[in-house]
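Have a look at the structure below before the remarks.
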Amino acid sequence: MDELQQRIFHKTEKIINAISFVTLITSIVAISGTLVFVFFLLDYQLNIIVIGFAVFLALLYSFIKEMIRIRGTKKNLRNFYDYLANKKVYITCYVPIFSKAGTKMILKAAALFFVDDKLFFEAIKIGRSKRMPTESITLKIGKDFIIQDYVEDSRQEIVTYNAILMDTEYQFSVINDKELIKMLETSKGDTK
């Protein structure tokens, strides 16, 4: 892998695996509150130990859930790349795409990739294992896939593109890397 590809992987992994503390705290408070309510319904005497136990269980659950999510996302990122690299032997650059879901960034089952200087969009179908891609559709930039414009986020870590995918509005994000954005902007008008 060349330097740009490694940078894309590293930055994408960092963004999509970032822990959302707002979501984490909300989850811990909700789970703790639910457990305390259940203990109350079961006539447990509510004291600092019971409440502490509920908070501990909520912390443990939230931490394990987050670690499983991060592990699965890393595996999906690698599996999508491996699938595409095996399917398209001459990929010069693979660009994973993601979108915002609440306060988190979620990896999409799709990607952009370059073959030489031509840009393609790959929609990936995930198998029953929810990890391994089984098949996909490739669209060359042009009639079925048109990138319109982009907006940098306020922290300037990501760039969100507006596109038309088979006559439907489609929004996706990529990392904010000057070299990558230049490649995308150069290729988006190439409909030959």
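Derivation of every value follows stated rules applied to the coordinates shown; laboratory data play no part. Every value quoted in this text rests on a predicted model; they were computed, and no experiment measured them. Backbone-built Cβ (ideal geometry, glycine too); neighbour counts: all protein chains shown.
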Being more than 19 Å from Glu122 (Cβ to Cβ), in contact (Cβ under 8 Å) with a residue 40 or more places away in the chain and under 19 Å from the mean Cα position of the chain (by Cα) is the requirement here; does Glu179 meet it? no
Counting only residues that are among the hydrophobic types (A, V, I, L, M, F, W, C) and under 17 Å from Pro96 (Cβ atoms), how many does the stretch 142-166 have? 6
When you scan the stretch 79-104, how many residues do you find that are assigned to a helix (DSSP H, G or I), surrounded by 14 or more Cβ atoms within 10 Å (Cβ to Cβ) and among the charged types (D, E, K, R)? 1
Between Ile28, Ile64, Ile51, Ile70, which is out of contact with any Gly (no Cβ under 6 Å at 6 or more places or on another chain), part of a helix (DSSP H, G or I), without any contact (Cβ under 8 Å) to a residue 12 or more places away in the chain and aliphatic (A, V, I, L, M)? Ile64
Go through Phe63, Phe80 for me and flag whichever is closer than 18 Å to Phe9 by Cβ and not hydroxyl-bearing (Ser, Thr, Tyr). Phe80
